[in-house]
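I'd like to ask you about the structure that follows.
No lab work stands behind these numbers, since they all come straight from the coordinates. Here the structure is a predicted model, which means the values were calculated and not measured. So basically every Cβ, Gly included, is an ideal-geometry build from the backbone, and we count neighbours across all protein chains shown.
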Amino acid sequence: MIFTLAVIPVVFLALGTPVFLVFLSGAVLTLFFVLPTPPVVLHQVIFGGLDNYALLAVPFFVFAGELMAASGIASRLIVFVLALTGRLPGSLGVATVGASAAIGAISGSSAAAVAALGKTLYPKLVGAGYGTERSAGLLASAGAIDIVIPPSIAMILYGLAAEQSIPRLFVAGVLPGLLIALLMATFIVAVAVVKKLPISGSFDPREIWSATKGAVWAILMPVVILGGIYNGWFSPTEAGGFACLYAMIVARFIYRSMTWAEIIRSAANSAMLSAQIMIIVAAAGVLTWLLTTQGVPQAIVAGMEAMNMSLVTFLLAVNLVLLVVGCFLDPTSAILVLAPLLVPIAVSVGVDPIHFGIIMTVNLAIGMFTPPFGLNLFVAQTVTNLPVHSLYRGVLPFVAVQIIALVIITYVPQLSLMLGASL
């Protein structure tokens, strides 16, 4: 069983096999050759894993994010944040971080944020003296904030895998996401002061007012969506549907930046991305079901308890494992497979499962831009046309900054739990 569940999937992953086939290969070989099982069981588990109402939130939020990017609403947010940074040293870099957090509060898609920001801000960053490597590294790393700031697709999937409240996860991600953005902005300001980078803007109240008017409908979107979830007006799934409707109305009738044909094209693009996520969900569900029925989580918990690990040591070990996993697997795949295994262990040593969800999400967010296979690196390469080794050098300082944030988030649970205490 170890050979089929561990060795073969690792080999397939090293060969560049699609992730859903990596998961299915080990599970199918184990079911049919090690644990002879009727084929109908495989079908039941695959489709049963997708039969979950909360999963409908994923295509909804993907479509909403696609609409925001394609309609230029994301660009209005960038202009708004640029106006707010004023004469702050490193204002353009700080604006990049702020704009990424703002886009994250709409779509929750890290790669989409890197693409949207890269097309607009990369030439400006290079022109402002940030250099090609630092500019690309900033874009790739800032995009990772998007899966921590709610609404987050990664948190929806964690909530399903770990059977936790998605609204509580959303509210738990607010302060950690802002902490990451604050530390990155502080680092950028420090670099700007040391390198004496030119100040790219001015603090002009008229410019701020104009940018606010242009972006007001985009700014209201996360306020209405998250406020509706926390006030009980609608569930996260219903909020996703409302986000799509809101984005379509704003894009078509208020900003008039999209035709119906372009909206349909965005829907088709969203369907493709949603299908990619869902097939990973289905494949991971088979692997998770197999591991659970064979008692693997229980065996791991018993082994950890026998080791008598302290809370501090356990969290350190988990962070190291997740940082490595994040370099090779996307957050969707990693969460769906590892959450059912790790959450029981975390609970057994006294970690709140909501806090653990934030720890897991932040680790995998860092993996999104960590060499060698971080997805954001490849998106940034497409936008910037830089060689991969240049991107690696560009992201390393930001990896260090976000690891500092991770340590704070890990060992200060109140940061994740204080806002959701009343939910």
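Could you tell me which of Ile335, Val126, Val114 has its Cα farthest along the dipole of the chain towards the positive end, charges placed at Cβ (Lys, Arg +1; Asp, Glu -1), taken about the Cα centre?
Val126
Moving on to the next point. Using the Karplus curve 6.51 cos²θ - 1.76 cosθ + 1.60 with θ = phi - 60°, work out ³J(HN,Hα) for each residue of region 94-102 in order, rounded to whole Hz, and write x for Gly and Pro.
3J(HN,Hα) across region 94-102, in whole Hz: 4, 4, 4, 5, x, 5, 5, 4, 5.
Here's another thing I want to ask about it. Provide Leu226, Leu336 in ascending order of the number of other Cβ atoms located within 10 Å of each residue's Cβ, fewest first.
In increasing order of surrounding Cβ atoms, one gets Leu226, Leu336.
Turning to a different aspect of this structure: Aspartates and glutamates within cross-link reach of Lys119: Cα-Cα under 16 Å, excluding same-chain residues under 8 positions apart?
Those aspartates and glutamates meeting the cut-off are Glu66, Glu133.
Taking the Cα centre as origin and putting +1 on Lys and Arg beta-carbons and -1 on Asp and Glu beta-carbons, what dipole magnitude results for the chain, to the nearest 20 debye?
Using only the charged Cβ atoms, the result is roughly 1180 debye.
Another question, then. Taking the Cβ of each residue in Ile403, Ile73 as the centre, tally the other Cβ atoms inside 10 Å and list the residues starting with the fewest.
Starting with the residue having the fewest Cβ neighbours, the order is Ile403, Ile73.
How do Phe187, Phe356 line up, fewest other C-beta atoms within 10 Å first?
Least to most surrounded, the residues fall as Phe187, Phe356.
Still on this structure, I have one more. Find which of Leu417, Ala302, Tyr255 sits farthest along the positive direction of the dipole of the chain, computed with +1 on the beta-carbon of Lys and Arg, -1 on that of Asp and Glu, about the Cα centre.
Working it through, the farthest residue towards the positive pole turns out to be Tyr255.
Under the rule that an exposed site lies in a DSSP loop and has at most 14 other Cβ atoms within 10 Å, name the longest stretch of the chain with no trypsin sites (Lys or Arg not before Pro) of that kind, not counting the sites themselves.
In the chain, the maximal stretch lacking such sites is 257-423.
If you take every residue apart from Leu169 with its C-beta less than 13 Å away from the C-beta of Leu169, what net charge results, scoring Lys and Arg +1 and Asp and Glu -1?
My count for the surroundings of Leu169 gives -1.
222 nm [θ] for the chain, helices only, -39500 (n - 2.57) per DSSP H run of 4+, per residue, to 500?
Theoretical 222 nm ellipticity from helices: -24000 deg cm²/dmol.
Counting Lys and Arg as +1 and Asp and Glu as -1, each charge on the Cβ, what is the dipole of region 1-146 about the Cα centre in debye, to the nearest 20?
500 debye
Another question, then. For the charge dipole of the chain, defined by +1 on Lys and Arg C-beta atoms and -1 on Asp and Glu C-beta atoms about the Cα centroid, which residue among Ile208, His389, Phe378 has the Cα displaced farthest towards the positive pole?
Ile208
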